[in-house]
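> Dropping the structure in here first, questions after.
What follows draws every value from the coordinates through simple rules; no lab data is involved. Everything numeric in this text was worked out from a predicted model, so none of it was measured. A quick note on method: Cβ atoms are made from the backbone with ideal geometry, for glycine too, and the neighbour counts reach across all protein chains shown.
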Amino acid sequence: MNVPSKPTFDFQELQQAVDAARPIVENVDEARDRVSNDIKNLEAYLKGLGLEVAFRYSLGKALVEPEDDNGAQQYSIEEYGGASGQIEEESLAWDLDKTGKFRLLYELDRWDGCVNYDAYPAGPYFWDEKTLVREVKPLIETGFETRKRMYKHLPEFVRKFAKSMCADPNQDHLLGDDEIPF
């Protein structure tokens, strides 16, 4: 990438914003490569271990606001304690891909559903299993925005994966105090 000379602006707030942004925007290609290489290296490491144990790490469910909603969903939640819409769940997984090879996968599940914050302890999310649409692909093959978003979750994914296999109570504490997800 050809880096232009440092720009100078009369508007001081703009100068400060550009100065703060320069290290990020001038190195975006290198950052993209680091993220992608770490994902490739983690997948290669897990493959090299020969781990053929399926594991899924959910990042949790969320009600997704439609693009053309204009705040109606948020209004419904604030006024009535709930709203209908699509429920999404993103997950990282170590599982078989469609070719039958274990890969580091990104999963996105979507359902028609609703959120009801007054439905304790059963809620707040409710979804219709018959409406499930699942997208699964190797993480490295997702768009960069998805890889970048999932990148920060990889350390916890590794800790939870290891904890799910840990049988030695003397080592379990090394991985953190959280419960093993079932």
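> Considering Cα pairs under 8 angstrom that are at least six residues apart, work out the relative contact order of the stretch 18-175 and quote it in whole percent.
On the way: 215 pairs, mean separation 30.9, N = 158.
About 20 percent, as a whole number.
> For residue 64 and residue 167, what is the calculated FRET efficiency with R₀ set at 25 Å and r taken between the beta-carbons, to the nearest 0.05?
Working: r = 39 Å, r/R0 = 1.54.
So, using R0 = 25 Å, E works out to roughly 0.05.
> Going by how many other beta carbons lie within 10 Å of each one, how would you line up 84, 76, fewest first? Could you put the intermediate results ahead of the total?
Working: 84 14, 76 17.
If I rank by nearby Cβ atoms, fewest first, I get 84, 76.
> For the chain, list the DSSP H helices whose alpha carbon atoms reach 24 Å or more along the long axis and whose average Kyte-Doolittle value is -1.0 or above? If you can, show how the numbers build up before the last one.
Details: long enough: 28-48 (30 Å, -0.94).
Membrane-span-like by this criterion, though nothing is claimed about a membrane: 28-48.
> Shifting gears a bit: Kirkwood hydrodynamic radius, the stretch 54-127, all distinct C-alpha pairs: what's the number in Å?
13.8
> Using only the C-alpha atoms of the stretch 1-77, find the volume of their convex hull and express it per residue in Å³. Present the calculation step by step, with values, prior to reporting the outcome.
Values: hull volume 15.9 nm³, N = 77.
Spelled out: Cα convex hull of the stretch 1-77, divided by residues, is 207 Å³.
> Say a site is exposed when it is one of the GluC sites (Glu not before Pro), sits in a DSSP loop, and has at most 15 other Cβ atoms within 10 Å; what is then the longest site-free stretch of the chain? Numbers along the way, then the final one.
Details: sites that count: 26, 52, 67, 179.
It runs 68-178.
> Pairs to check: 98/160; 6/152; 61/137; 61/130; 98/152; 101/130. Give those whose C-alpha atoms are more than 21 Å from each other in this structure.
Values: 98/160 24 Å; 6/152 31 Å; 61/137 19 Å; 61/130 17 Å; 98/152 25 Å; 101/130 28 Å.
As for pairs spanning more than 21 Å Cα to Cα, those are 98/160; 6/152; 98/152; 101/130.
> Just for the Cα atoms in the stretch 1-42, what are the lengths along the principal axes, largest first, rounded to whole Å?
Computed over the stretch 1-42, the largest-to-smallest principal extents equal 46, 20, 7 Å.
> Kindly provide the helix-only [θ] at 222 nm of the chain, computed as the sum of -39,500 (n - 2.57) over DSSP H runs of four or more divided by all residues, to the nearest 500 deg cm²/dmol?
Numbers: 6 runs with 68 residues, N = 182.
It comes out at -11500 deg cm²/dmol, rounded to the nearest 500.
> Taking the chain on its own, what percent of its Cα-Cα pair distances exceed 23 Å?
On the way: 9846 of 16471 pairs.
I get 60 percent for the Cα pairs in the chain exceeding 23 Å.
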